[in-house]
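Novice: Before I ask anything, let me first share the structure, which is written out below as C-alpha cells.
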2 protein chains.
Amino acid sequence: MSLVGYHWLMSFDRDHVLHAAAELLTRKATATMEEVARSAGISRATLNRHFAGRDALVRALEELGIAECEAALEAARIEDGAAAGAVRRLICEIQPCAGLLAFLYSENQLFEGEKQNAGWFRIEERLTGLFRRGQENGEFRIDLSATWLAEALYGLLAAGSWAVIEGRVARNDFTHMIAELLLGGATRRDES
Amino acid sequence: MSLVGYHWLMSFDRDHVLHAAAELLTRKATATMEEVARSAGISRATLNRHFAGRDALVRALEELGIAECEAALEAARIEDGAAAGAVRRLICEIQPCAGLLAFLYSENQLFEGEKQNAGWFRIEERLTGLFRRGQENGEFRIDLSATWLAEALYGLLAAGSWAVIEGRVARNDFTHMIAELLLGGATRRDES
DNA sequence: ACTGAATGAGTCATCCATGTCTCACTTGAA
DNA sequence: TTCAAGTGAGACATGGATGACTCATTCAGT
C-alpha cells in the first residue's frame, strides 16, 4: 500500500541524514550542500529532493534540535527533586545533541527574522523556570538572573562541544565539566 | 614627507573600520563586504583597497582580536595577586572586545588550517597558566582542568556578548555575571 | 590657484554555490 | 519478468558575492 508505510528503499534515512548534517555543520558551518550530502552517504540530487534548499535543511535541523531538546527536558524530569540534580540530569540527557545545539546557537539568522520558531520560547521558558525554581527554594544564588543562567548553559554546551571536537578535553568529561562549572564554579569549596 | 607620517586624509581610519566590521560581523557573520563597508562609513572600493578580500579582513580582525586580548592580559596583570581577582580584572578588561572574540570564536576556519596564528597559543598559554596557578595555590578546584576553564571562559564571553546584543541581559551586568558564574557557580554559598 | 593622493560611485567579468533537469541504473513489489 | 519508485551522476542555467577597473570629485599641502 502506498499510504501506510513508504519504506521500499532504505537507502534514504531522514534521521541519519539530519544527524550527519548536524555533525558536519557543527565543525564547518559553511559546508557545501555537496559536502553535506557526501557526509550522509547520499548524492546532492537526493539531498535536494528531500530538502528544498539549504534553508529548508537548516530549518529541519532546527526542528530536530528543538525536538531533541524537549525530549531531553522530559527525560531529565527537570520538575522533580532538587534543582541542582535536575540540571545535572538535563546536561547528561542533552549531551548527545550538544553539537547540534552549538551549530544552531551560532546560526544567528534563525533568531533575527520575525518568524522564529516557537519551540525555542518553550525551551527557554522551561529552562529559566528550572533556574528560577532553584533560586526560590534557596538552592541557587539570586544575583545571577535565571535568564543569564540559561544563556550560560547554552554557551557552556557550545564551548564543551567545540573543546571535545578539537580534542582539548575528553568526551567522557563533558557532562561533569559543564555541570560542575555551571553549578559550583571554579572556586574551591571547603564544605561538602 | 611621504615617509614619516602618512595621514593626509583622515577619512580612512583603519582601527575604526576594523571595529565597525567586528561589531557588525558579531551580529551577522555572513554580512556582505558592501554591508561591512557601509557600517564603517566607507565605500566598498575603499574597503577593498585596504583589505585584499574578505579573508584578509578576517585575518586583520584576528590580529586585532589577539592584540586586544594580550593588551587586556597585560592591563589585568594576571600574574599578580590572587588568581580569582586576576580573573575578575581580566574579564573586566576584556569586555570591550568580547564581541570580536565571539565572532572569531565562531569562525572555526581560522583554526582548521595548518597556518593558524601563533597568538592564540600565547593567549591560551597565559590563560591556562592563570587557572593552573589558581589550582596550585588552592584557590581553584582541581577536578576541572585548567584547559577547560580557559575554554569555558571563551564560551561564557561569547554567550554574554550575544545575550547583551539580543537584550536578554543588561550590558552593565556583563562583567559581574561572567565572573561570578565562572568563579562561584550558580549554587548558593553560605560563607561570605 | 595648483597638484597629487585618496575616495565614492559605478561598471564589468568571474567564480562558486545553488537549484533544476534529464537519463541510466538499481531495487522492491506484483 | 515486469513495473514503478528512488537514486546517482552529470549537465545546465541562475544568482549573488567578489575583485578589478575607470572616472569624476574632494581635500591637504604647497
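Novice: With everything on Cα atoms, drop me the angle between helix B:146-165 and the longest principal axis of chain B, reported from 0 to 90° to the nearest 10.
Specialist: For helix B:146-165, the angle is close to 60 degrees.
Novice: Please return the longest stretch of chain B lacking exposed loop sites, where GluC sites (Glu not before Pro) count only if DSSP places them in a loop and at most 14 other Cβ atoms lie within 10 Å.
Specialist: On the way: sites that count: B:E79, B:E114, B:E166, B:E191.
My reading of the result: B:1-78 is the longest stretch.
Novice: Same structure again: Where along chain A is the Cβ that lies nearest the axis linking it to chain B, and how many Å separate them?
Specialist: Checking which Cβ lies nearest the axis yields A:G185, 1.
Novice: Give me a comma-separated list of calculated 3J(HN,Hα) values for the stretch A:119-124, in order, Karplus coefficients 6.51, -1.76, 1.60 applied at θ = phi - 60°, integers in Hz, x for any Gly or Pro.
Specialist: Here the 3J(HN,Hα) series is x, 4, 5, 4, 5, 4 Hz.
Novice: Also: Could you name every residue in the stretch A:113-155 that has 50 Å² or more less accessible surface in the full protein assembly than in its own chain alone (probe 1.4 Å, ligands and nucleic acids excluded)?
Specialist: Those residues are A:R141, A:L144, A:W148, A:E151.
Novice: Distances from A:Q109 to the same residue in each other copy, label points 7 Å out along Cα→Cβ, in nm, shortest first?
Specialist: A:Q109 label point versus its equivalents elsewhere: 1.4 nm.
Novice: Take the alpha-carbon positions of the stretch B:1-103, form their convex hull, and give its projected area averaged over all directions (one quarter of the hull surface) in nm².
Specialist: About 8.1 nm², averaged over all directions.
Novice: Next question. Copy-to-copy spacing for A:A82, label 7 Å out on the Cα-to-C-beta vector, in nm, shortest first?
Specialist: 2.6
Novice: Rounded to the nearest 0.05, what FRET efficiency is calculated for A:A67 and B:K28 with R0 set to 30 Å and r the Cβ-Cβ distance?
Specialist: E between A:A67 and B:K28, to the nearest 0.05, is 0.65.
Novice: In addition: Just the accessible area per residue of chain B, please: how many Å² with a 1.4 Å probe?
Specialist: Per residue, chain B has 50 Å² of solvent-accessible surface.
Novice: Run the accessible area of the protein assembly as shown with a 1.4 Å probe and give the carbon-and-sulfur part as a rounded percent. If you can, show how the numbers build up before the last one.
Specialist: Values: 9980 of 19140 Å².
C and S fraction of accessible area: 52 percent.
Novice: Still on this structure, I have one more. How well do other chains shield peptide A:159-167, expressed as the mean number of their Cβ atoms within 10 Å of each residue Cβ?
Specialist: Working: counts 12, 4, 1, 7, 8, 1, 1, 4, 0.
Across the residues of A:159-167, the mean count of other-chain Cβ atoms within 10 Å is 4.
Novice: If you take the alpha carbon radius of gyration of chain A and divide it by 2.2 N^0.38 Å, what ratio comes out, to two decimals? The partial results should precede the final answer.
Specialist: Details: Rg = 18.8 Å, N = 192, 2.2 N^0.38 = 16.2 Å.
Here the Cα radius of gyration is 1.16 times the empirical estimate.
Novice: While we're here: Which whole-angstrom value gives the distance between the alpha carbon centres of the stretch A:46-69 and the stretch A:157-192?
Specialist: Here the answer is 30 Å between Cα centres.
Novice: A further question follows. Could you work out the equivalent-ellipsoid semi-axes for the protein assembly as shown, taking the square root of 5 times each eigenvalue of the Cα gyration tensor, largest first, in whole Å? Could the numbers behind the result be given before it?
Specialist: Numbers: eigenvalues 227, 207, 67 Å².
For the protein assembly as shown, the semi-axes come out at 34, 32, 18 Å.
Novice: According to the Cα gyration tensor, what semi-axes, each the square root of 5 times an eigenvalue, does the equivalent ellipsoid of the stretch A:51-92 have, listed from largest to smallest in whole Å? Walk me through the intermediate numbers first.
Specialist: On the way: eigenvalues 187, 11, 6 Å².
Semi-axis lengths for the stretch A:51-92 are 31, 7, 5 Å.
Novice: Right, another one. Compute the relative contact order of chain B as a whole-number percentage, counting only Cα pairs closer than 8 Å that sit 6 or more residues apart in sequence.
Specialist: Details: 142 pairs, mean separation 36.5, N = 192.
For chain B, the relative contact order is 19 percent.
Novice: Given points 7 Å out from each Cα along the Cα-Cβ axis, report the B:A118 to B:H50 separation in nanometres with one decimal.
Specialist: 2.8
Novice: Direction-averaged shadow area of the convex hull around the Cα atoms of the stretch A:8-51, nm²?
Specialist: Values: hull surface 11.3 nm².
The number I arrive at for the stretch A:8-51 is 2.8 nm².
Novice: If one takes the accessible area of chain A alone plus chain B alone and subtracts that of the pair, with a 1.4 Å probe, what total in Å², rounded to the nearest 100, results?
Specialist: Working: alone 11520 and 11540 Å², together 19140 Å².
The A and B chains share an interface burying roughly 3900 Å².
Novice: Also, quick follow-up: Students often forget the sequence filter, so: which lysines lie under 21 Å Cα-Cα from A:K28 once same-chain residues fewer than 8 apart are removed?
Specialist: B:K28, B:K115
Novice: Please identify, among B:I165, B:I91, B:I142, the residue showing maximal mean-square fluctuation in a Gaussian network model of chain B using a 10 angstrom Cα cutoff.
Specialist: Per the Cα network of chain B with a 10 Å cutoff, B:I142 tops the list.
Novice: If we hang a label 7 Å off Cα along the beta carbon direction at A:G138, how far is it from the matching labels on the other copies, in nm, shortest first?
Specialist: 3.0
The values are calculated or read from the model by the stated rules, or taken from the named source; none is laboratory data. Worth saying up front: this structure is predicted, and the values here are computed from it rather than measured. Note that each Cβ is placed from the backbone with ideal geometry, even for glycine, and that neighbours are counted across all protein chains shown. Accessible surface is based on the protein model in full, side chains and every heavy atom, while ligands, DNA and RNA are left aside. Shrake-Rupley method; radii C 1.70, N 1.55, O 1.52, S 1.80 Å.
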